[in-house]
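Before any comments, here is the structure.
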Amino acid sequence: MATAVPVRIDWQAIVADPRFQALHAAKTRFLWGLMAFSILFYFLLPLGAAYAPGLFARKVFGPVNVGILFALSEFLVAWGVAFVYARRANAEFDRMSAELIRDAEKIGGRK
Amino acid sequence: MNRKHLAALGVLAAAAAVATPAFAQGAVAPQWRWLAFSVFGAIIAATMFVTYLAAKRVKSAADFYTAGGGVSGLQNGWAIAGDYLSAASFLGIAGLISIWGYDGFMYSVGWLVAYITVLLVIAEPCRNIGKYTLADILAYRNNPRATRIVGAISVITVSTFYLTAQMVGGGVLVKTLIGIDYEISVVAVGVLMLGYVLFGGMVATTWVQIIKAVLLVTASIVLVIMVWSQYGVFGDFLSNVVADPKVQARVAQILGDASKGMTPEQLGQRFLEPGLLFKAPIDQISLGMALVFGTAGLPHILMRFFTVPTAKAARVSVIWAMAIIGGFYVLTLFLGMGSAMKVGADQIRAVDPGGNMAAPLLAQALGGGADSLLGNFMLAFVAAVAFATIVAVVAGLVLAAASAMAHDLYVGVIRGEHVTPQEQVKAARIATVLVGALAIGIGIAAKGQNVAHLVALAFAVAASANFPCVLLTLYWKRCNTGGIVLGMIVGTFTAIALVLVSPNMTYPKPLKAAAQKVLDGASVRKARIDTDLAGAADDQAKAAVAKAQAALDKDVAGAKATLDRFGKDDTSLVGLEKPLFELRNPGLISIPLGFLAVIIGSLLYRDKRAEDMWDELYARQNTGILAAKAAAH
């Protein structure tokens, strides 16, 4: 299992294959976009706590204030990102890469 | 053969845990200690049984390092949670919340958000191209010798920092909880962990982590339900927090003079607002960066992704881990604030100034207090879960460090991959014993040291060295051996160097000055106490004077101890009188520097192999070609 997998694959041809290019483009945009959003959203919490303490202290209902709701929203957003990613990956990326895996040895014309 | 050794280890561990000659006073009172040992014994027996079953399945190096890739996504998710929720996060965050309110809860968020990075850009590519270790990923298209050496050194460094914090924290924790001697608990943790890893490899380690995570989550849910039944669920719960006299007194204590003129409700409400603990926002941001990027570079977390068969299973495992870890941190809000009401910050801090005893004391109080069977059973259960937590985290760390030593350095570099399968397993086991002995040795040597910042340092090194190297070799075509070597060196050294000159270190001069001030002011305080005593009319006034006298005696004794401890020593470990660098966590500086070093190193170095192999790596990390094939056969 470790070293010798007895297949010859033309990696250049796979990378050049339009299906790989489509997978790559879709993944890149989606993943890095989600990543940037998540990180920005996360850092709003310490930034807000430090520079907008008045806003965080504002009561929404009963003793519940903006700060507590915002901290809880961080959990919901993290789970939401995981859910959105999983749905897209299960529905789309897995199918696209399954095709490439199936045809890996044929792409580029080598056997 | 295995079975006999395993039994011997079990007996040894049990003996170390039970035959304790000197009991100090712990949170569990002596007459209830049998209860703690029964729960400990039950957990140890269950994990030993799992190890016995696992030992039969560990035949190859792949079994030992990665459970043969046969762990399911759900199992791995629980194991990741078990690997990640260390005693520091279990007891530490509940403690921070109980003492500092909102800021403690805010602190917990970063530990979950970190998994977004792991999920989106690290877990699946690593599963697709990796084998056993972090260095396997780095060596894929680069010079294997050079990248394995720097990769393994970094893995061992990060794991050792983390390990030291766990061993010392664990020793102190067990001592505080049940009063077992520090050295004995360090040895017990070390021997138990060695038993799991040595005989059961990753199979047993995985199951120990799963069992621990299930116990931890169960304990937390039970406690939170009990808290809710007493104080209400969300809005009602928080109203009770605001109205609680203990919470109000704590806030008044933190704010000092600033609390004058605030109504009790305002004081209670202040507990739910930011700013009681964290004063320097930039520190929070720096720590946040270390968490969010460092988790993805922690070797023992990365290693968990090699235990599942496919990228899809890796994805499933991160999602489960996020659900478990996030759910747990939400519960800590109720555990922390619940113990702030039920137990009170004063009492929590009296047992442990850092607040680590908040959850155990809450368990005892909810069960009916220090004299009740249920209260002590619950305390014993939480103590045993804390103990299982330390053992499970330590097992994962030792396995990661041992795999770097055996697989990367010995098999990869020294033997140039020319080893038989039997030799590989043997090397893995020898490395495990070495790392385990090292962990016990460091744990005992570091007794009494302040190691809390070592976990943050482990994250900082992982974020500044491992993360840039792994990310760029996976996603940037031009990245090569030169970049990996420079990035690892610069990332590791800047992170460590910045911590060595940071406020985390102990600076004797200001401490000694403060102690001297206390001693100088003692006579004035004494004079005031004498006047008060002369004028004290009733018993109440006399009691107040006696209290002031006791506080004075305590301050003077503390100041004298500080002066004695440092003697003529005026400087920190690296010879500084005051910090050169003001951030407690170096991430803000060292992470960008790590990335920069990988980029500069790659641009300055020509490496044809790295570029030729790019298409192969990039196609494989994106699609899982060959990885899925290897798993299917």
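Compute the longest continuous run of chain B that contains no exposed GluC sites (Glu not before Pro); treat a site as exposed when its DSSP state is not H, G, I, E or B and it has at most 14 other Cβ atoms within 10 Å. Let's see the in-between values first.
Details: sites that count: B:E417, B:E577, B:E582.
Result, exposed sites excluded: B:1-416.
Can you run phi through the Karplus equation (6.51, -1.76, 1.60; θ = phi - 60°) for the stretch B:369-381 and list ³J(HN,Hα) in whole Hz, with x for Gly and Pro?
The phi angles translate into x, 5, 9, 9, 5, 5, x, 6, 5, 5, 4, 4, 5 Hz.
About the Cα centre of chain B, what is the dipole size in debye to 20, counting +1 per Lys and Arg Cβ and -1 per Asp and Glu Cβ, all else neutral? Walk me through the intermediate numbers first.
On the way: 48 positive and 36 negative charges, 281 e Å.
With only Lys, Arg, Asp and Glu charged at Cβ, the dipole is about 1360 debye.
Find which of B:G487, B:I442, B:C469 sits farthest along the positive direction of the dipole of the stretch B:420-513, computed with +1 on the beta-carbon of Lys and Arg, -1 on that of Asp and Glu, about the Cα centre.
Result: B:I442, furthest along the dipole toward the positive end.
Which residue, chosen from B:G82, A:Q21, B:Q364, occupies the Cα position most advanced towards the positive end of the dipole of the protein assembly as shown, where the dipole is computed from +1 (Lys, Arg) and -1 (Asp, Glu) charges on Cβ about the Cα centre?
A:Q21
HN-Hα J couplings of the stretch B:479-494 from phi, Karplus 6.51/-1.76/1.60, θ = phi - 60°, integer Hz, Gly and Pro as x?
Rounded to whole hertz, the list is 4, 8, 3, x, x, 5, 5, 5, x, 4, 5, 5, x, 5, 5, 5.
What angle, in degrees between 0 and 90 and rounded to the nearest 10, separates the Cα long axis of helix B:358-367 from the longest principal axis of the Cα atoms of chain B?
Once rounded, the angle reads 70 degrees.
Tell me the angle of helix B:539-566 to the major Cα principal axis of chain B, expressed in degrees between 0 and 90 and rounded to the nearest ten.
Helix B:539-566 and the main axis of chain B meet at about 40 degrees.
So how do B:L366, B:L138 line up by other beta-carbon neighbours within 10 Å, fewest first? Present the calculation step by step, with values, prior to reporting the outcome.
Numbers: B:L366 23, B:L138 31.
Lowest count first: B:L366, B:L138.
Could you give the distance between the Cα centres of the stretch B:441-476 and the stretch B:490-552, to the whole Å?
The stretch B:441-476 and the stretch B:490-552 have Cα centres spaced 34 Å from each other.
Just from its helices, what would the mean residue ellipticity at 222 nm be for the protein assembly as shown, if runs of 4 or more DSSP H residues each count -39500 (n - 2.57) and the sum is divided by every residue, rounded to the nearest 500 deg cm²/dmol?
Numbers: 34 runs with 546 residues, N = 744.
It comes out at -24500 deg cm²/dmol, rounded to the nearest 500.
Please arrange B:I390, B:I122, B:I589 by counting, for each residue, the other beta carbons lying within 10 Å of its beta carbon, fewest first.
On the way: B:I390 27, B:I122 24, B:I589 18.
Going from sparsest to densest Cβ surroundings: B:I589, B:I122, B:I390.
Net charge near B:R584: determine it from the other residues with C-beta under 12 Å of the C-beta of B:R584, scoring Lys and Arg +1 and Asp and Glu -1.
On the way: positive: B:K279; negative: B:D283, B:E582.
After counting each charged neighbour, the total is -1.
Compute, for the protein assembly as shown, the length of the dipole vector about the Cα centre, with Cβ point charges of +1 (Lys, Arg) and -1 (Asp, Glu) only. Units Debye, rounded to 20.
Numbers: 61 positive and 44 negative charges, 310 e Å.
Computed about the Cα centre, the dipole is about 1480 debye.
Please report B:S98, A:S38 as a ranked list, fewest other C-beta atoms within 10 angstrom at the top and most at the bottom. The partial results should precede the final answer.
Details: B:S98 31, A:S38 23.
In increasing order of surrounding Cβ atoms, one gets A:S38, B:S98.
Which of the lysines could be linked to A:K106 by a straight reach, that is with a Cα gap under 22 Å, when you skip same-chain ones fewer than 8 residues away?
Candidates past the 8-residue exclusion: B:K629.
Bear in mind these aren't lab numbers, they're just calculated from the coordinates by the rules spelled out. Quantities reported herein were computed from a predicted structural model and do not represent experimental measurements. Cβ: placed from backbone, ideal geometry, glycine included. Neighbour counts: every protein chain shown.
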